[in-house]
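Written below as C-alpha cells is the structure these notes are about.
Every number in this text was worked out from the coordinates using simple rules, so none of it is lab data. Remember, it's a predicted structure, so these values are computed and weren't measured experimentally. Here the Cβ positions follow ideal geometry from the backbone for every residue, glycine too, while neighbour counts run over all protein chains shown.
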Amino acid sequence: MLWVKSLHIVFVASWFAGLFYLPRIFVNLAMVPADSEAERTRLLLMARKLMRFMNLLLWPALGLGLVLWAYYGIGWGPGQGWMHAKLAVVVLAVGYHHVCASMLRQWEAQAVTRSHVWFRVFNEIPVILMVLAVCLVVVKPAALGEFFLSIGAGLGVLIAVTVGILKLRGR
C-alpha cells in the first residue's frame, strides 16, 4: 500500500505542477503583442506539450487514488466525511483541467478575449484546490463545516495580505 500511496502522491504533485504552470502560459499569451507571431507560436507549443504531459499524469493519479480508496478501503466507514470532501475537490480539479484544455483550444483558434489579469486570478484556483485536498487528507476533520470555515478564513486573510502587498508595490 505504501508504494501505491507514494506513486499516487508523485503523480498528483506532478499533475498539479502542470495545473499551476499552464494558466501561467495563458497569462503570457494574453500579454503577447499582436505582431509577435513567433512568441505566440512558441507559447502555444509549450502549452500543447504541457497539456499532453498533464493528460498522461492525470490517469495514473486517479487510478492509484481509486486503488487506495476502493481496494485498500482508505476513507471508508463512519466518520470519513473528509474523504467525500476530498473526492469533491478532486472532481473540481479534474474539471479545472478540462477547462484549461478548452481554453487551450480557444487560444489555438485565436478566440480568447480575456485579459492577462483574468488569467492571473484563474491561475490561483489550483492552489486553493491543492490546499483543500492536502489539508483534508492530513487533518481528516470530523467537523467539515468548522474545517471549511477555518480554511476559508485562512485563505481570506492570505488574499487580503497579498492584495495589500500588491497595492503597496503599486501593481
Worksheet item: Glu108 versus Thr162, label points 7 Å from Cα toward the beta carbon: distance in nm?
Response: 3.0
Discussion item. So for the chain, averaging the separation of alpha carbon pairs under 8 Å that are six or more residues apart and normalising by length, what relative contact order in percent results?
Written reply: 32
Discussion item. Starting from the Kirkwood Rh over alpha-carbon pairs, what translational D in µm² s⁻¹ does the chain have by Stokes-Einstein at 10 °C and 1.306 mPa s?
Written reply: 89
Discussion item. Averaged across orientations, what area in nm² does the convex hull of the alpha carbons in the range 1-98 project?
Written reply: 6.9
Worksheet item: For Pro23, what charge total do you get from the other residues with a beta carbon under 9 Å from its beta carbon, if Lys and Arg give +1 and Asp and Glu give -1?
Response: +1
Worksheet item: Among Ser102, Ser14, which comes first, then next, by fewest other beta-carbon atoms within 10 Å?
Response: Ser102, Ser14
Worksheet entry | Helix runs (DSSP H) in the chain reaching 30 Å along axis by Cα, Kyte-Doolittle at least 1.0 | 2-30, 144-168
Discussion item. Could you work out [θ]222 nm for the chain from helices alone, using -39500 (n - 2.57) per DSSP H run of at least four and dividing by all its residues? Round to the nearest 500 deg cm²/dmol.
Written reply: -27500 deg cm²/dmol
Practice prompt. Place a +1 charge on the Cβ of each Lys and Arg in the range 2-140 and a -1 charge on the Cβ of each Asp and Glu, then give the dipole magnitude about the Cα centre in debye, rounded to the nearest 20.
Written response: 200
Worksheet item: Tell me, Phe20, Phe147 in order of fewest to most beta-carbon neighbours within 10 Å?
Response: Phe20, Phe147
Fill in: Per-residue Cβ neighbour rank within 10 angstrom, fewest leading, Arg169, Arg40, Arg120
Arg169, Arg120, Arg40
